[in-house]
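Colleague: If you scroll down you'll find the structure; I have some questions about it.
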Amino acid sequence: MAVFTPLSDEQVAHFLKRYDVGTLLAVEGVAGGTENSTFFVTTDREVLVLTLFEQGEQEELPFFVDLLAWLDQHQLPVPGPLFDREGVALQRLADRPALLFPRLRGRHPEQPRPTQCAAIGQVLGQMHRVSQGFQGIRPNPRDLRWVHAVHSRVMSYLGHDDQTLIRDRIDALDSRLSNVVLPQGALHGDLFRDNTLYEGDQLCGVIDFYNGCTGDLLFDLAIVINDWCSDDDGALIPERYEAIIEAYARERAFTDQERRIWPTMLELTALRYWLSRLLVVYVDPPAHALTPKDPAQYRRILTSRIAHPPAPLP
Ligand SMILES: Nc1ncnc2c1ncn2[C@@H]1O[C@H](COP(=O)(O)OP(=O)(O)OP(=O)(O)O)[C@@H](O)[C@H]1O
Ligand SMILES: N[C@@H](CCO)C(=O)O
């Protein structure tokens, strides 16, 4: 469930008066999602999404609003935040920060076809090109420094082999990533399949930018490859991998440094999600009773990336 703060129809109707969006017909809580309260709001003119921010770094919300608005202005398929009659996007409702968005059509792809993979590769490449002109700054909070900072918090819950795997990987990443300078820009930061909406092969939108940040563009692509292209054993699925990489490369050419560091970036982002999922399970469970995502899946992805380096970037 993902309505942690219920809202009455009267509260929503009153809230909508700030905007030029028509009058309320219906409000429906959205079942997906784990962090925020989300509602589909139907007016006599359109269908909207209302998000209440329950937790996380709320002082960062202006960055996310600016990034979404920037991508929307550059014709990327994202839900650009709605601005009220006074030009304000970020509001308060039920004592929480609130944003209103257009509702995008479509469903999350579970087993994406190569054509659907090509669509996300193309849009991510376009997004990265456009994001290089974005002025906002929010250093990537889940990079190798974060891995260093948090890994010791989960070690005592793990067996000897897992502890050794994590220590060895951090050592390898340290030596391979020192003095590496890669193309920078704004990142989605969590572009899993369940943060996209498709109708057939058409990508209708990319949502949930609340891990958005700035940093190595390649980090974002590696997150996508690990989630979209891994089988149950963690191995890469070649047809999906090729479709994403080829479509991305048509939008943004890779540098030599990126080509060299690519296998390392896949390992770094696999370790990042293994650790973040371990933290949720053992250290910092969410206040709400939700089934945590399986950390072992990202252990399998990590060991597969170490054993079988990917096909080189074009
Ligand atoms: N603009 C939108 N158009 C259509 N559906 C949306 C939109 N925004 C959110 N949703 C739907 O609401 C669900 C929850 O939204 P969101 O991902 O922002 O919440 P969350 O609590 O941050 O979830 P999580 O971080 O677990 O993905 C999404 O999975 C999607 O189904
Ligand atoms: N996409 C994340 C959860 C939301 O941050 C994961 O699969 O672990």
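The values are calculated or read from the model by the stated rules, or taken from the named source; none is laboratory data. None of these values were measured; they are calculated from a predicted model. Quick reminder, even Gly has a Cβ in these numbers, built from the backbone with ideal geometry, and neighbours come from all protein chains shown.
Colleague: For the stretch 67-125, which positions are over 20 Å from Tyr210 (Cβ atoms) and either among the small types (Gly, Ala, Ser) or within 16 Å of ligand 2 (Cβ to nearest atom) (or both)?
Modeller: Gly87, Pro109, Glu110, Pro112, Ala118, Ala119, Gly121, Gly125
Colleague: Answer yes if at least one residue in the stretch 71-91 is closer than 24 Å to Arg305 by Cα and either in contact with a Leu (Cβ under 9 Å, 6 or more places away or on another chain) or in a loop (DSSP other than H, G, I, E, B) (or both), and no otherwise.
Modeller: no
Colleague: Report, by residue number, each residue of the stretch 187-200 that is farther than 15 Å from Val224 by Cβ and either within 9 Å of ligand 2 (Cβ to nearest atom) or part of a strand (DSSP E or B) (or both).
Modeller: Result: Leu197, Glu199.
Colleague: Pick from Gly234, Gly215: which is in a loop (DSSP other than H, G, I, E, B) and under 25 Å from Leu177 (Cβ atoms)?
Modeller: Answer to the selection: Gly234.
Colleague: Looking at this structure, is Gln132 of a type in the set (S, T, N, Q), more than 14 Å from Ala186 (Cβ to Cβ) and not assigned by TED's automatic domain parsing to the domain that holds Asp66?
Modeller: So Gln132 does not fit the description; no.
Colleague: Please name all residue pairs, on different chains or six or more residues apart, with Cβ atoms under 9 Å, provided the first residue is in the stretch 181-208 and is touching a residue at least 12 places away in the same chain (Cβ under 8 Å) and the second residue is surrounded by fewer than 16 Cβ atoms within 10 Å (Cβ to Cβ) and among the β-branched types (Val, Ile, Thr).
Modeller: What qualifies is Leu182/Thr255; Pro183/Thr255; Asp201/Thr115.
Colleague: Say whether the condition of being buried (at least 22 other Cβ atoms within 10 Å of the Cβ) and within 16 Å of the chain's Cα centre (by Cα) is met by at least one residue in the stretch 228-250.
Modeller: yes
Colleague: Now for a different question. Which members of the stretch 125-166 meet the condition of being part of a loop (DSSP other than H, G, I, E, B) and under 18 Å from Ala296 (Cβ atoms)?
Modeller: Ser156, Tyr157, Leu158, Gly159
Colleague: Within the stretch 63-71, identify whether any single residue is crowded, with 18+ Cβ neighbours inside 10 Å and farther than 27 Å from Gln126 by Cα, and answer yes or no.
Modeller: So far as the stretch 63-71 goes, no, none of its residues is crowded, with 18+ Cβ neighbours inside 10 Å and farther than 27 Å from Gln126 by Cα.
Colleague: Just to be sure before I move on: is Pro141 at pLDDT 95 or above, of a type outside the set (Phe, Trp, Tyr) and within 16 Å of ligand 2 (Cβ to nearest atom) in the structure I sent?
Modeller: yes
Colleague: Please tell me if Ile207 is at pLDDT 95 or above, away from ligand 1 (no atom under 16 Å from the Cβ) and β-branched (Val, Ile, Thr).
Modeller: no
Colleague: Would you mind stating whether Ile237 is in contact with a strand residue (DSSP E or B) (Cβ under 9 Å, 6 or more places away or on another chain) and either assigned by TED's automatic domain parsing to the domain that holds Arg176 or not β-branched (Val, Ile, Thr) (or both)?
Modeller: So Ile237 passes the test.
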